[in-house]
Amino acid sequence: MLPEDALKDLLSQKLTDQDRLLICLAVQPVRPREVKAIKSLAARAGWRAAQKKNVSAIFARCPSLAVRTSDGWELTAAGSQHVARIAGPLMSSPIPQVASSLRAQLVKVSSSDTQRFVEEAIVCFETRQYRAAVVLSWVGAIAVLQDHVVTNSLSQFNAEAIRRDSKWKPAKNADDLGSMKEFHFLEILESISVIGKNVKQELQKCLQLRNGCGHPNSLQLADHKVSAHIEDLILNVFAKF
């Protein structure tokens, strides 16, 4: 029902101990949980006071919402509905799921500088700083692509760049690649088969959104738009390169 990343937002609200503990039972993967596991889950999400709670006694006071089975405590159908009412938009919001997916890819990024950019993008997304999330996630994705070119395709890239522009000074590192406009960078990546045509087109859409977010204007964003942008980058860049 709930990704673990959503816990910190929910447990920080003014809720009863009972509701906080019921929410812990709704964290994916939904399964029976022993008291020790419930307390550990709550503590990781910032509710350290859970360590001192009598979890079983609290659940015993709401038998219609949680039951003790041979494997641990778990929600009843009524308990699941109760948590859904408490969690509200977080139950269907893409923010926790997308943030979790992006963090899963973060460990695969070799550059520490890029990792920091992506981590900042995740934090911005989670706190609904949508423009910053779009810009930083894009910067991280471009950095991954630039590192890939330097490691695997630099001579091919320079040859194609010179063919297109005789004034291009052959790049030696990622910083040199950064002097090229990102639109043209993507065009060359397609030309030397680092990415396909459809991927290039999707990334150019991401670039267009990034450009719209990088300047003061009337552009309005919501979580689904930004999550789609980040998911495109996850699927086409972070998970591949």
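Residues are listed down the side, and each one gets a yes or a no for (1) in contact with a Gly (Cβ under 7 Å, 6 or more places away or on another chain); (2) surrounded by 13 or more Cβ atoms within 10 Å (Cβ to Cβ); (3) under 16 Å from residue 181 (Cβ atoms):
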position: 203; (1), (2), (3): no, yes, yes
position: 221; (1), (2), (3): no, yes, no
position: 224; (1), (2), (3): no, no, no
position: 228; (1), (2), (3): no, yes, no
Quick one: is residue 206 assigned to a helix (DSSP H, G or I), at pLDDT 95 or above and under 27 Å from the mean Cα position of the chain (by Cα)?
yes
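For every residue, the table says whether it meets (1) among the small types (Gly, Ala, Ser); (2) farther than 19 Å from residue 13 by Cβ; (3) in contact (Cβ under 8 Å) with a residue 60 or more places away in the chain; (4) not assigned by TED's automatic domain parsing to the domain that holds residue 230.
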position	(1), (2), (3), (4)
61	no, yes, no, yes
71	no, yes, no, yes
78	yes, yes, no, yes
99	yes, no, yes, no
121	yes, yes, yes, no
So the check is Cβ under 7 Å with 6+ separation or different chains; which pairs have a first residue in the stretch 38-59 that's touching a residue at least 12 places away in the same chain (Cβ under 8 Å) and assigned by TED's automatic domain parsing to the domain that holds residue 78 and a second one that's of a type in the set (Ser, Thr, Tyr) and surrounded by fewer than 18 Cβ atoms within 10 Å (Cβ to Cβ)?
46/12
Out of all the residues in the stretch 119-138, which are polar (S, T, N, Q) and in contact with a helix residue (DSSP H, G or I) (Cβ under 7 Å, 6 or more places away or on another chain)?
137
Number of positions in the stretch 32-76 that are farther than 23 Å from residue 88 by Cβ and assigned to a loop (DSSP other than H, G, I, E, B)
8
Of all residues in the stretch 173-197, how many are assigned to a loop (DSSP other than H, G, I, E, B) and either on the phi > 0 side of the Ramachandran plot or in contact (Cβ under 8 Å) with a residue 12 or more places away in the chain (or both)?
7
Considering only the stretch 117-138, state which residues are of a type in the set (Ser, Thr, Tyr) and either within 16 Å of residue 228 (Cβ to Cβ) or outside any loop (DSSP other than H, G, I, E, B) (or both).
130, 137
Hits in the stretch 153-165 (condition: small (Gly, Ala, Ser) and either modelled with pLDDT under 95 or assigned to a helix (DSSP H, G or I) (or both))
155, 159, 161
Please go through the stretch 1-31 and pick out each residue that is among the basic types (Lys, Arg), part of a loop (DSSP other than H, G, I, E, B) and either free of Cβ contacts under 8 Å to residues at least 24 places away in the same chain or surrounded by 18 or more Cβ atoms within 10 Å (Cβ to Cβ) (or both).
14
Taking the condition of being crowded, with 18+ Cβ neighbours inside 10 Å and hydrophobic (A, V, I, L, M, F, W, C), how many residues in the stretch 208-219 meet it?
2
Subset of the stretch 139-160 [closer than 14 Å to residue 190 by Cβ, without any contact (Cβ under 8 Å) to a residue 40 or more places away in the chain, touching a helix residue (DSSP H, G or I) at 6+ places or on another chain (Cβ under 6 Å) and not acidic (Asp, Glu)]
157
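Here is a yes/no grid of residues against (1) under 23 Å from the mean Cα position of the chain (by Cα); (2) over 21 Å from residue 109 (Cα atoms):
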{"site": "175", "(1), (2)": "no, no"}
{"site": "180", "(1), (2)": "no, yes"}
{"site": "199", "(1), (2)": "yes, no"}
{"site": "218", "(1), (2)": "no, yes"}
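The values are calculated or read from the model by the stated rules, or taken from the named source; none is laboratory data. These figures come from a predicted structure and were not determined experimentally. Because the Cβ atoms are built from the backbone with ideal geometry, glycine has one as well, and the counts that use them run over all protein chains shown.
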